Every structure is written in structure tokens, then in C-alpha cells.
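The values are calculated or read from the model by the stated rules, or taken from the named source; none is laboratory data. From a predicted model like this one, the values you see are computed outputs, not experimental measurements. Glycine also receives a Cβ, built like all others from the backbone with ideal geometry; neighbour counts cover every protein chain displayed. SASA here: full protein model, heavy atoms, side chains in, ligands and nucleic acids out. Shrake-Rupley method; radii C 1.70, N 1.55, O 1.52, S 1.80 Å.
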Amino acid sequence: MLVGVPKEIKNNEYRVGLTPSSVVELVARGHKVMVEVNAGAGIDFSDEEYRAAGAEMVASAADVFAAADMIIKVKEPQPRECEMLRDGQILYTYLHLAPDPQQTKLLVESGATCVAYETVTDNQGGLPLLAPMSEVAGRMSVQAGAYHLEKAQGGRSVLLGGVPGVAPAKVLVIGGGVVGDNAAAIAVGMGADVTILDRSIARLRELDAKYEGRAHCVYSTMATIEEYALDADLVIGAVLIPGAAAPKLLSRDIISRMKKGSVVVDVAIDQGGCFETSRATTHQQPTYMVDDVVHYCVANMPGGVARTATMALNNATLPYALALADDPVNALFRDKHLQNGLNVHKGHVTYKAVADALGYSYVPADEALKV
Ligand SMILES: NC(=O)c1ccc[n+]([C@@H]2O[C@H](COP(=O)([O-])OP(=O)(O)OC[C@H]3O[C@@H](n4cnc5c(N)ncnc54)[C@H](O)[C@@H]3O)[C@@H](O)[C@H]2O)c1
């Protein structure tokens, strides 16, 4: 199969669909890979590295879309990319279709087979192609929080780990899933005094066993959230209620009573945010103040460490990319978890939540694949 990788065109997106080492794997399996020039330039994957890995470099996205059997990207295709997709072509990338009627319409019209990273599942009930970005954002949230606790950033001049003779900062992580666990791991590693709140007792048991007393694992209620937030130097918002907007767990009133210069990092901002005072920010202008509390609410945190994020994403996406390249129809029939990633196929919407959200008739993936 000929696999194509265009350069991402969404504003400030430096990630790329395939790393040079993923190209090596595809080429070793007998596939051809075509990459748009400069596709990885922003994160130091040079055209020379792609060529050495066995890719053919081409001048434009149009060349990639015209020739490739499968397009591998990171972000959802922009309208001009959708217009280059064609019947029979495979698109493998993040799509997030439910809130995006325009993209859905264009993908349906294209006739292409569109596999969304975010809906591929695994045996543990997880979303394995979303998890790497949650790992990145979780780890980054503490790094960002520690930096913004510095005086020059508006913070309360506190060092996360303290020093001998001075107590460490108090970090509250609300939500102990993938983001929260990774945030806690870094905060514990930096020597902070860490509390994780979650509503799942099973999850609290796992975290308690993992951290062996180095993080306090506490049941999340309105009362515990308030109690720990008022005492915290840094609060990380990391909750998720699948398919729903994030619940507002820190009210404006609580925020106004937090310590001056404390920092709140709302990782759940991509689901609307879990603090009442949150609004999405960018890497260019990541923070703003409300009642002397520093708010960091960057909606695409992994974009700030796009090289690490690209490599982490490729570790998760490559096995499915190889299976799709080897034998796409078989791979989608055989592997129910990959099949869950199929959102659009030959003009049919094959993912129920997307069909329901946007008023399309739903055609189950295994039926659509028979057509
Ligand atoms: N901003 C970014 O760049 C970025 C990047 C990756 C993920 N995210 C977002 O981070 C959020 C967390 O993602 P995740 O992968 O960790 O999800 P996850 O499903 O692994 O974890 C969510 C956790 O929240 C817990 N929870 C739900 N309601 C709660 C409550 N009231 N109090 C305490 N805990 C509660 C759940 O029990 C679960 O353990 C999501 O909104 C995700 O979209 C944002």
C-alpha cells in the first residue's frame, strides 16, 4: 500500500502523522510511504531523516492526497484536505466528528474510509490512542504549574518540592484517571505534598497501592474538593465524564477564597473545563488571573511538546497503521477495537454517537464494510 503523510495545516500544529522510525516499519513490511516536504521540520524530523527511513518526499499535500491509498495525520482534516480525499481512500487520524457537522458532511461526501484515533478501544475498556496525549498533558500539567508558581509568572513564589527545612507545596489533583495519575507521578517525583481526589473507589484503591502513601488518595465530594483546594498551592483539574461536558467542580466562590498566587491548571478544558472560571487559552498566552489565582487552561497541551507527543502517539497508532496497510478490510473486520474507530465508510456514518449527534442514519461498521 502507498501511505501518505501531509504536513499538518491547523494553526500551531507541529505534530506529524508518522515519525521516521514508523516509516522504517512500514517500508520493512513492503509498503511505500510518501511524505510532504517539511512535514516534520517543526519538531526536528528532517526531510533527510524521512528519506533515510525510506520515504519519498513530495512537494505538496495535493501530491500526497492524489497518490496515497491511506492518509495518516494527527488533527482532523481541514476543509481543503477533506476536498482532496476520495472514494476508497483510508484516512487515519483524530476526527472528533460529533461536534463538527461540516467535517462530517465532507467526509461522508468523499466516500473515504475514516478511522478516528479517539474511538479505537482496547480490552481494558480504555481508549488507547487518546491515552498517550493524556499522559503527556498530565505530566506537563505539573511542569506548567510549578513554573507558574514562580513570582515572575504571577505565582505565590513557592518551590514545588520545598527544600530541607521548608515544607513542599501542596498539589491537589482532581480526577485520578490517565491525566491525574501522570500528574501525580510527576508531582510526587518533584517532592510535592500530593492529594488525588476521585469518585471511583476502585481507582482510588489502585492509586493508593501504586503510591504507597506518597500521595493521599481521597474520595471526591463537594466538601473534600473545597477543603483541599483552599489548602492547595497548585490544583490540577483532570476529570472526565465520558461523552459529557466536564462538571464544574471548583466554583468561582472557592477560587476567590484560594491562596493568593496559587495556580489552577484545567486540563479538562478541552471538555469545557472543570473550574467555573476556566476559559481556553493558548501556548502563546497560556494564563490569566482571576481573584489573584493563576489560571492555565491550554486546550492542546501536547502541542507544546509536539516532538514527544508525536513519538508517544506513533507508539500507539503504529500497530493499527501496519494492520490497515497490510489488509484494511480484513483488519477492520477482524479487530473489533479497530472497528470501533471506524466513523465514516463509503458515505455511511458508522459510529452511533456521531450519527445521533448530527442526524445521520447509523449504519453499523460491520454492515457498512460488507458493501
Ligand atoms: N488540555 C489538553 O491538552 C488535554 C490533553 C489530554 C486530555 N485532556 C482531558 O483531560 C481530561 C481527563 O482525561 P483522562 O484521559 O485522564 O480521563 P480518564 O477517564 O482516564 O480519567 C478521568 C477520571 O475522572 C474521574 N472523575 C469523574 N468525575 C469526578 C469527580 N466529580 N471528582 C473526581 N474525579 C472524577 C473518573 O473517575 C476518572 O478516574 C479529559 O477531559 C481529557 O479530554 C486534555
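Tabulated results
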{"read-out": "Failed item, numbered, when residue 206 is tested on (1) open to solvent by 70 Å² or more (accessible area, probe 1.4 Å); (2) of a type outside the set (Gly, Ala, Ser); (3) more than 10 Å from the ligand (Cβ to nearest atom)", "value": "(3)"}
{"read-out": "Every residue from the stretch 129-160 that is within 9 Å of the ligand (Cβ to nearest atom) and under 13 Å from residue 287 (Cα atoms)", "value": "141"}
{"read-out": "Every residue from the stretch 328-371 that is assigned to a loop (DSSP other than H, G, I, E, B), of a type outside the set (Phe, Trp, Tyr), in contact (Cβ under 8 Å) with a residue 40 or more places away in the chain and open to solvent by 70 Å² or more (accessible area, probe 1.4 Å)", "value": "346"}
{"read-out": "Residues (small (Gly, Ala, Ser) and either within 11 Å of the ligand (Cβ to nearest atom) or surrounded by 15 or more Cβ atoms within 10 Å (Cβ to Cβ) (or both)) located in the stretch 244-289", "value": "244, 245, 246, 251, 261, 262, 268, 272, 273, 278, 280"}
{"read-out": "Residue check, residue 317 more than 22 Å from residue 125 (Cα to Cα), within 16 Å of the ligand (Cβ to nearest atom), among the polar types (S, T, N, Q) and in a helix (DSSP H, G or I)", "value": "no"}
{"read-out": "Per-region count, the stretch 119-131, residues open to solvent by 10 Å² or more (accessible area, probe 1.4 Å) and in contact (Cβ under 8 Å) with a residue 60 or more places away in the chain", "value": "6"}
